[in-house]
1. Just to be sure before I move on: is residue 130 within 30 Å of the chain's Cα centre (by Cα), in contact (Cβ under 8 Å) with a residue 60 or more places away in the chain and open to solvent by 80 Å² or more (accessible area, probe 1.4 Å) in the structure I sent?
2. Would you confirm whether or not region 141-155 contains a residue that is modelled with pLDDT of 95 or more, hydroxyl-bearing (Ser, Thr, Tyr), surrounded by 11 or more Cβ atoms within 10 Å (Cβ to Cβ) and not in a loop (DSSP other than H, G, I, E, B)?
3. Could you please give the count of residues in region 331-374 that are in contact (Cβ under 8 Å) with a residue 24 or more places away in the chain, open to solvent by 10 Å² or more (accessible area, probe 1.4 Å) and part of a strand (DSSP E or B)?
4. If you scan region 105-126, which residues turn out to be at pLDDT below 95 and part of a strand (DSSP E or B)?
5. Consider only pairs whose beta carbons are under 6 Å apart and that are at least six residues apart or on different chains; among these, list those whose first residue lies in region 262-284 and is closer than 14 Å to residue 337 by Cβ and whose second residue is among the small types (Gly, Ala, Ser) and open to solvent by 30 Å² or more (accessible area, probe 1.4 Å).
6. Find the residue count for region 295-318, including only residues that are of a type in the set (Gly, Ala, Ser) and part of a loop (DSSP other than H, G, I, E, B).
7. Which condition number does residue 190 fail, the rest of (1) under 30 Å from residue 223 (Cβ atoms); (2) open to solvent by less than 50 Å² (accessible area, probe 1.4 Å); (3) β-branched (Val, Ile, Thr) being met?
8. Does residue 37 satisfy the criteria of being farther than 17 Å from residue 460 by Cβ, assigned to a loop (DSSP other than H, G, I, E, B) and at pLDDT 80 or above?
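The values are calculated or read from the model by the stated rules, or taken from the named source; none is laboratory data. Everything numeric here is computed off the predicted structure, so don't read it as measured data. Note that we place each Cβ from the backbone using ideal geometry, even for glycine, and neighbour counts take in every protein chain shown. Protein only, heavy atoms only, side chains kept; ligands, DNA and RNA dropped before computing areas. Shrake-Rupley method; radii C 1.70, N 1.55, O 1.52, S 1.80 Å.
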Amino acid sequence: MQFVSLKCGLPKHGKTPNHHTDGGEPGELERECPDKKLSGAGDRSLRARASPAADIISTVEFNHTGELLATGDKGGRVVIFQREPESKNEPYNQGEYNVYSTFQSHEPEFDYLKSLEIEEKINKIKWLPQQNAAHSLLSTNDKTIKLWKITERDKRPEGYNLKDEEGKLKDLSTVTSLQVPVLKPMDLMVEVTPRRIFANGHTYHVNSISVNSDCETYMSADDLRINLWHLAITDRSFNIVDIKPANMEDLTEVITASEFHPHHCNLFVYSSSKGSLRLCDMRASALCDKHSKLYEEPEDPSNRSFFSEIISSVSDVKFSHSGRYMLTRDYLTVKVWDLNMETKPVETYQVHDYLRSKLCSLYENDCIFDKFECAWNGSDSVIMTGAYNNFFRMFDRNTKRDVTLEASRESSKPRAILKPRRVCVGGKRRKDDISVDSLDFTKKILHTAWHPTENIIAIAATNNLYIFQDKVNSEMH
């Protein structure tokens with residue numbers, strides 16, 4: 001696959017977000033607030049500009065059709081992009097994503113009982129399957145999960161009997177006849193409204209949320225517990241996993257990620273800081289502390305080092321679309337596990353093995369604790385994950401080929417083809433190779449997403465969002 005850049009631009013068709021990308025680097029989330037109409041939650045905080053750190057993207061998620069793409073940032077904001085419809089008049093604009101809506105999802109809070117500040121940073125966003133014309137998504141910070149409804153309005157009633165055009169009540173003595181109000185077209189307005197707030201369910205930081213295939217329940221996981229919620233009930237949840245020991249000094253591992261199986265509503269998996277995966281079946285018991293299957297790869301004694309436990313921690317786990325495989329990411333590798341084989345992964349891919357000799361300095365600058373995500377393509381044949389220096393990696397499971405690509409200003413020009421990059425470790429250097437000693441560890445691709453059916457990818461690079469499309473697909477339109 002050869003990827004080209006897509007532009008992420010200004011909203012069109014009279015849509016009314018107050019967050020846009022005007023000029024500059026395509027995909028860059030510029031924090032501006034033009035005088036636009038935005039109904040619903042969040043317009044008050046968008047005008048209060050915070051530090052640049054608040055603009056750092058912390059999660060990226062396509063909806064189930066791929067027509068919408070949501071990003072969350074450290075400032076508690078959610079920005080939704082919508083894919084432009086196909087147009088014969090603008091063949092070069094196929095697939096572009098423009099800002100659809102922006103809202104403030106979470107605010108900073110303070111827990112007075114624990115003297116703890118709760119950040120507004122959005123940890124995860126999950127779309128709910130669409131049931132009607134409206135869209136719904138869940139967003140969470142460290143403690144509180146919220147359900148949001150996104151609707152469109154392009155008509156308004158006119159011709160009231162008791163109100164004038166400005167909405168003020170008329171003098172009843174002036175009303176001499178009755179009329180039927182009619183719906184008149186208006187500029188399209190996107191309304192975002194909070195529908196549910198799921199609070200007080202977690203003592204520790206929420207690291208993942210996952211919507212069940214039954215479309216009625218979802219789960220949320222923190223370091224030591226996983227809770228099951230009903231989407232319509234906010235005041236209680238069911239604790240389905242609890243690994244907290246009686247004495248916290250006996251704690252040896254924490255939960256790092258969890259996800260429901262895409263087809264079987266009773267199955268879910270969670271990963272741990274020890275590099276293991278536990279598949280649980282909710283039909284077996286109400287509390288799933290006893291797993292159904294344990295996926296664990298025995299450690300090679302020859303590779304054992306001070307950093308072994310840190311780099312083996314699983315930072316992300318994703319079921320394949322087919323439900324047959326699981327994809328995990330640890331610090332140096334991505335692994336594909338077959339649900340039917342617990343002893344070892346069926347595939348292991350080295351993401352940046354050249355960093356193995358630099359683990360000491362990566363430990364000192366805390367980079368070794370970075371949590372990279374991973375993603376499947378729509379057919380489960382290619383996997384993607386991020387790396388440093390704004391590099392991201394793709395691995396073809398059929399051909400076993402891999403490629404390193406870069407999300408940068410040069411590659412972000414519309415229709416620019418992404419050129420493969422190569423990291424050189426000693427020996428001869430080819431042109432355009434980059435030395436391992438020249439890598440910028442402050443530029444890291446932690447969050448990635450793949451369109452559910454097409455070869456379109458979204459890459460979050462600090463406070464920039466890049467969207468790339470497979471060149472073959474873009475030329476077919």
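1. Working: within 30 Å of the chain's Cα centre (by Cα): yes; in contact (Cβ under 8 Å) with a residue 60 or more places away in the chain: yes; open to solvent by 80 Å² or more (accessible area, probe 1.4 Å): yes.
It is true that residue 130 is within 30 Å of the chain's Cα centre (by Cα), in contact (Cβ under 8 Å) with a residue 60 or more places away in the chain and open to solvent by 80 Å² or more (accessible area, probe 1.4 Å).
2. No.
3. Final tally of qualifying residues: 3.
4. Hits for region 105-126 are 109, 110, 111, 116, 117, 118.
5. What qualifies is 275/312; 279/292.
6. Keep residues of region 295-318 that are of a type in the set (Gly, Ala, Ser), which gives 302, 305, 308, 312-313, 315.
Still in the running and part of a loop (DSSP other than H, G, I, E, B): 305, 313, 315.
So the answer is 3.
7. That leaves (1) as the condition not met.
8. Numbers: farther than 17 Å from residue 460 by Cβ: yes; assigned to a loop (DSSP other than H, G, I, E, B): yes; at pLDDT 80 or above: no.
Answer is no for this residue.
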